[in-house]
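Asks: Handing you a structure now.
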Amino acid sequence: METILAFVIGGLYAAGLYMLLRRSLVKLVIGLALLGQAANLLIFTLGRLLRGRPPLVPPDAAALAGSSADPVPQALILTAIVIGFGVHAFTIILIKRAYQTVDSDDLDDFRTTDQ
Amino acid sequence: MTLVMPILLPFLTGVAALLAWDRRPVQRALSVLGAAGLLGAGLALLASVWRAGVQTLPVGNWPAPFGITLSADLFSAIMVVLTGLIGLAVAVYSLGSVDPDRERFGYYPLLHILLMGVCGAFLTGDLFNLYVWFEVMLITSFVLMTLGGERTQLEGGVKYVALNLMASALFLAGVGVLYGVTGALNMADVAQRLRGVEQPGLVAAIALLFLVAFGIKAALFPLFFWLPASYHTPPVPVTALFSGLLTKVGVYALVRVFTQVFAHDLGAVQPLILVVAGLTMVTGVLGAVAQTEMRRLLSFHIVSQIGYLLMGLGLRTPLALAGTVFFMAHVILAKAALFLVSGIVHRLQGTSDLKKLGGLYRTQPVLTVLFLLPALSLAGLPPLSGFFAKLALVRAGLEAGEFAVVAVALGVSMLTLFSMTKIWNEAFWKPSPEEDGTTAGRCPTVLWLPLGLLAALTVVLGLAAGPLFALSLRAAEQLIRG
């Protein structure tokens, strides 16, 4: 499972970077979203993948016995997803306004502040 | 309680200002009061850290390695005080320079939520929590940057948003990998567990992830291009706030992570930091020399000064880190003051293009003095604050035998002086290109007060360098001892 996820994460990073390198504003946002998702999956995978071992202390024991799934990475990812949702919503509105104002989707036309 | 106040106060101010959405006078009063309160809270925190040592607070009473910890050492406390100072200066300056339309669309609430994010980043002792505070800070800064929707703002905003989001994704990945390796997020805990990790390559890779992520936020060479492309586009108080605080949060995070989390020897990463520091200084100042628009010139200077801050981290001796802490205070105050000057110049003459400016020396003697103080301080002339900050860094560099970076630091100082004289010659000294030579507008007092405060502080920082440097030295020792 880790191997498959490793390839998925690598693919997401590669696709995200490729999209960032395009000139289109829309692709820029897609690239940023992909990078965010890749990071989330990375945290998920690094938190060790375990099936059917919830981190719950049984009623007759005082502590967890043996290894169990780590809930922390999932809490981190949940937080990161929520933050990413807000940030990407803002970014999409921003590129819509930028597109309306500059009248172009091409990042090469966004140079007036660079000179 | 003193530990939560710098986060709580701006939050409450922001919420109260949101509730008073339709009443601009109330918002304006709240904003100034809240910023003054934040400064007070910062000073109280500094006093209690000075007396009682490092303060920690387990949020929600979860004990340290499990819950999120807030912690303040002297460095954090100093940064919170500086945040309060800049917050107050900007809040007052905004009263006279932000247009009613921006005020109507939530300028003041955003300002205070931004301050909350900055203080949160300074006070957290947890890496993932640091990420969350960074995002709080980023999303408000995105809106502040683009509020108003002018074409330049949107263009600059796209670059600013894209690069910062990418940095956040890298930071998040770094935190994730670090958690995977150590199973901890609390900074002190991570540092302890990293000592037992037997894979130097992996640790160095994580360190590099953090270096790149924070490097983008701090605008290090070669990751700084978003800064001069975007910082000059929003209104002047926003630029002053960003230049004073946002890139410095990036540097703060670098210092924190590279002294306390990666506390051991990092092999090749350590010399890399020094090389990057030197290159950042040089490219920043060369970019500044080539500019003819005042705010763009100053934006490039931010980059150059970041190099000095990084130099202290690269040397990583107590003296060098004390230099970084002192330089931080100096550059935050001087830089914000210079941006406020550029705002007043723009107000008086209707442009900040150096070619069209002139004659301010004759008509605006007070402004001239208020420009010269932070400008000469930035260039490092005694007895102003920049001199002592650079002296400490240079001495630390000589003691460590890193002569190349010392030479670069001194050379860049000369070029800084040169580009400051350029503003002086063009805007103040040469006769005005306009025939009548009179100034176009007048400035309300609320613009002068914060500038006066910041300029006076750069002098105070220089005159009281002894005790303040002792404070920085103690902060640096805390950083190194962990």
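What follows is calculated from the coordinates using simple rules that are stated; it is not laboratory data. Small disclaimer: the values here were computed from a predicted structure and weren't measured. Heads up, the Cβs are rebuilt from the backbone with ideal geometry, glycines too, and the neighbour counts pull from every protein chain shown.
Asks: Place a +1 charge on the Cβ of each Lys and Arg in the protein assembly as shown and a -1 charge on the Cβ of each Asp and Glu, then give the dipole magnitude about the Cα centre in debye, rounded to the nearest 20.
Replies: Rounded to the nearest 20 debye, it is 460 debye.
Asks: Hey, another quick one. For chain B, what is the calculated [θ] at 222 nm in deg cm²/dmol (nearest 500), taking -39500 (n - 2.57) for each run of four or more DSSP H residues and dividing by its residue count?
Replies: Helix contribution divided over all residues of chain B: -25000 deg cm²/dmol.
Asks: Binning at 5 Å from 0, report for segment B:268-482 what percent of all alpha-carbon pair distances ends up in each bin.
Replies: Histogramming segment B:268-482 at 5 Å steps yields 1, 8, 15, 19, 18, 14, 10, 7, 4, 2, 1, 0, 0 percent.
Asks: Next question, about the same structure. Of B:ALA253, B:GLY60, B:GLY34, which is farthest towards the positive pole of the protein assembly as shown's charge dipole, taken about the Cα centre with +1 and -1 on the beta-carbons of Lys, Arg and Asp, Glu respectively?
Replies: The listed residue farthest towards the positive side: B:GLY34.
Asks: Here is a further query. How large is Rg/Rh for segment B:1-141, to two decimals, with Cα atoms and a Kirkwood Rh?
Replies: 1.00
Asks: From the P(r) of segment B:365-417, could you give the percentage of C-alpha pairs in the tail past 19 Å?
Replies: Result: 33 percent of Cα pairs exceed 19 Å.
Asks: Taking one equal scatterer on every alpha-carbon of segment A:63-115, how large is log10 of I(q)/I(0) by Debye at q = 0.14, 0.19, 0.28 1/Å?
Replies: -0.60, -0.78, -1.04
Asks: Let me check I have the definition right: for chain A, take the eigenvalues of the Cα gyration tensor, multiply each by 5, take square roots. What are those semi-axes in whole Å, largest first?
Replies: 41, 16, 8
Asks: Can you tell me the Rg and Dmax of segment B:330-387, counting just the alpha carbons, in angstroms?
Replies: In Å, with Rg to one decimal and Dmax whole: 11.9, 33.
Asks: Separation of segment B:449-482 and segment B:114-152 by C-alpha centroid, Å?
Replies: Centre-to-centre distance over Cα atoms comes out at 25 Å.
Asks: While we're on this one: Mind putting a number on the dipole of chain A about its Cα centre? Charges go on the C-beta only, +1 for Lys and Arg and -1 for Asp and Glu, and I need it in Debye to the nearest 20.
Replies: Roughly 180 debye for chain A.
Asks: In addition: Ratio of alpha-carbon Rg to the 2.2 N^0.38 Å globular estimate for segment B:73-117, to two decimals, please.
Replies: In units of the globular-protein estimate, segment B:73-117 measures up at 1.33.
Asks: Taking other Cβ within 10 Å of each residue's Cβ, how do B:LEU461, B:LEU340, B:LEU333 sort, fewest first?
Replies: Starting with the residue having the fewest Cβ neighbours, the order is B:LEU461, B:LEU333, B:LEU340.
Asks: For segment B:94-232, report the convex hull volume of the alpha-carbon atoms normalised per residue, in Å³, without decimals.
Replies: So the per-residue hull volume is 104 Å³.
Asks: Please compute the contact order of chain B in relative form: average sequence separation of alpha-carbon pairs under 8 Å and at least six residues apart, divided by the residue count, as a percent.
Replies: 15 percent
Asks: When a footprinting reagent is the concern and you count Cβ atoms within 10 Å, what order do B:VAL59, B:VAL203, B:VAL236, B:VAL90 take, fewest first?
Replies: B:VAL59, B:VAL203, B:VAL236, B:VAL90
Asks: Right, next: What number comes out for the charge environment of B:ALA77, summing +1 per Lys or Arg and -1 per Asp or Glu over other residues with Cβ under 14 Å away?
Replies: +2
Asks: With all pairs of different alpha carbon atoms counted, what Kirkwood hydrodynamic radius in Å does the protein assembly as shown show?
Replies: Radius from the Kirkwood sum: 24.5 Å.
Asks: Still on this structure: What order do you get for B:LYS248, B:LYS355, B:LYS430 when you list them from fewest to most C-beta neighbours inside 10 Å?
Replies: B:LYS355, B:LYS430, B:LYS248
Asks: Taking a quarter of the surface of the convex hull around the Cα atoms of chain B, what do you get in nm²?
Replies: Quarter of the Cα hull surface area: 20.6 nm².
Asks: While we're looking at this one, here's another question. Taking GluC sites (Glu not before Pro) that fall in a DSSP loop and have at most 12 other Cβ atoms within 10 Å as cut points, what is the longest piece of chain B between them?
Replies: B:199-434
Asks: Just report the Cα centroid separation between segment A:68-88 and segment B:357-436, whole Å.
Replies: Their Cα centres are 46 Å away from one another.
Asks: Using a 10 Å cut-off on Cβ to Cβ distances, tally the other chain neighbours for every residue of A:33-39 and report the average as a whole number.
Replies: Mean number of neighbouring Cβ atoms from other chains: 4.
Asks: Under the √(5λ) rule applied to the eigenvalues of the Cα gyration tensor, what semi-axes describe the equivalent ellipsoid of segment B:80-161? Give them in Å, descending.
Replies: 23, 17, 9
Asks: Kirkwood Rh, Cα Rg: Rg to Rh for segment B:318-363?
Replies: My calculation puts Rg/Rh at 1.25.
Asks: Going from the alpha-carbon gyration tensor of segment B:149-300, what semi-axes, largest first and in whole Å, does one get by taking the root of 5 times each eigenvalue?
Replies: 33, 17, 12
Asks: Still on this structure: Keeping to pairs on different chains or 8 or more places apart, tell me how many lysine pairs in chain B have Cα atoms under 27 Å apart.
Replies: 20
Asks: Next question, about the same structure. Across peptide A:70-79, what mean number of C-beta atoms from other chains lies inside 10 Å of a residue's C-beta?
Replies: Shielding by partners across A:70-79 averages 3.
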